[in-house]
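Contents: one structure, followed by commentary.
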Ligand code: 4AZ
């Protein structure tokens with residue numbers, strides 16, 4: 001009887017528990033899988049409370065899968081070895097390069113700079129269902145399409161937003177996040193950041209971290225970045241905390257406001273520098289682009 005009740009509930013809702021078995025993607029032979037960052041460093045910053053990451057506050061914590069069921073880690077690598085660096089540090093290494101956010105079963109929202117420029121000809125795969133880079137949890141999903149915003153400008157970082165179409169992700173613990181409504185476009189107050197990016201010590205984090213940040217008003221942020229005229233406008237949101245910020249490796253990842261996606265990690269002057277907040281692509285501003293891009297691809301165009 002209990003079971004019947006359960007299944008009738010499930011039938012009425014779009015429950016997305018695994019419909020089929022999803023084996024892990026086969027490891028790719030002859031390819032190094034690496035946890036090192038560009039500088040060959042990696043840390044698990046929360047071994048010691050005091051050296052936790054930029055993505056860190058007094059109540060800092062490693063994030064659990066439940067807290068961040070939509071967090072993606074974008075892994076990228078080149079087939080050809082292109083530098084003299086040790087394999088595990090070079091372009092050849094298959095490793096975490098950027099964050100991303102699952103916004104629909106087959107769509108990841110990320111930053112354009114994560115897939116443009118030198119990353120254009122990297123092979124990419126998206127890891128979901130995991131909060132640790134170093135174990136075998138979660139699963140890698142194939143990237144079917146990379147769609148940077150048409151007007152992304154690598155110099156000014158304008159329109160630093162992109163969509164990745166992946167194999168549909170139905171897996172326990174993996175769930176898309178809702179996008180912020182335009183009525184909350186001017187959200188202020190505190191929001192949360194998540195990522196595996198650089199920490200206070202300069203290395204990447206092997207575990208997903210989160211922290212709280214405050215959303216700035218646009219005028220204050222324009223002043224903070226007055227040396228970059230025109231870059232702070234209604235298409236971005238600025239946020240940081242007293243000692244928390246996103247950093248390299250967090251790019252493409254989420255800024256979350258009341259369980260909704262508010263921003264996409266884009267750029268900033270350094271990391272966790274007082275008076276220099278992180279700059280995020282504002283999801284509400286790109287809502288049309290996101291919706292129409294997903295819809296047209298879904299119709300196969
Ligand atoms: C980066 O290099 C980067 N403090 C990302 C975020 C911020 C700075 C740099 C924000 O990808």
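The values are calculated or read from the model by the stated rules, or taken from the named source; none is laboratory data. Predicted, not measured: the structure shown is a model, and the values here were computed from it. Glycine gets a Cβ as well: all are built from the backbone with ideal geometry, and neighbour counts include every protein chain shown.
Just a few scattered comments:
- Residue count, segment 257-279 (criterion: surrounded by fewer than 19 Cβ atoms within 10 Å (Cβ to Cβ) and either in a loop (DSSP other than H, G, I, E, B) or in contact with a helix residue (DSSP H, G or I) (Cβ under 9 Å, 6 or more places away or on another chain) (or both)): 8
- The single condition from (1) touching a helix residue (DSSP H, G or I) at 6+ places or on another chain (Cβ under 9 Å); (2) under 20 Å from residue 156 (Cα atoms); (3) away from the ligand (no atom under 13 Å from the Cβ) that residue 220 fails is (1).
- Residue within segment 106-122 that is buried (at least 19 other Cβ atoms within 10 Å of the Cβ), over 14 Å from the mean Cα position of the chain (by Cα) and farther than 14 Å from residue 162 by Cβ present: yes
- When segment 251-267 is filtered for residues that are under 14 Å from residue 213 (Cα atoms) and near the ligand (Cβ under 8 Å from one of its atoms), only 265 remains.
- Every condition in (1) part of a loop (DSSP other than H, G, I, E, B); (2) within 18 Å of the chain's Cα centre (by Cα); (3) within 8 Å of the ligand (Cβ to nearest atom) holds for residue 244 except the one numbered (3).
Yes or no, residue by residue, for (1) buried (at least 22 other Cβ atoms within 10 Å of the Cβ); (2) under 18 Å from residue 264 (Cβ atoms):
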residue	(1), (2)
155	no, no
160	yes, yes
182	no, yes
195	yes, yes
217	no, no
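- Filter pass, residue 237 being out of contact with any helix residue (DSSP H, G or I) (no Cβ under 7 Å at 6 or more places or on another chain), at pLDDT 95 or above and within 14 Å of the ligand (Cβ to nearest atom): yes
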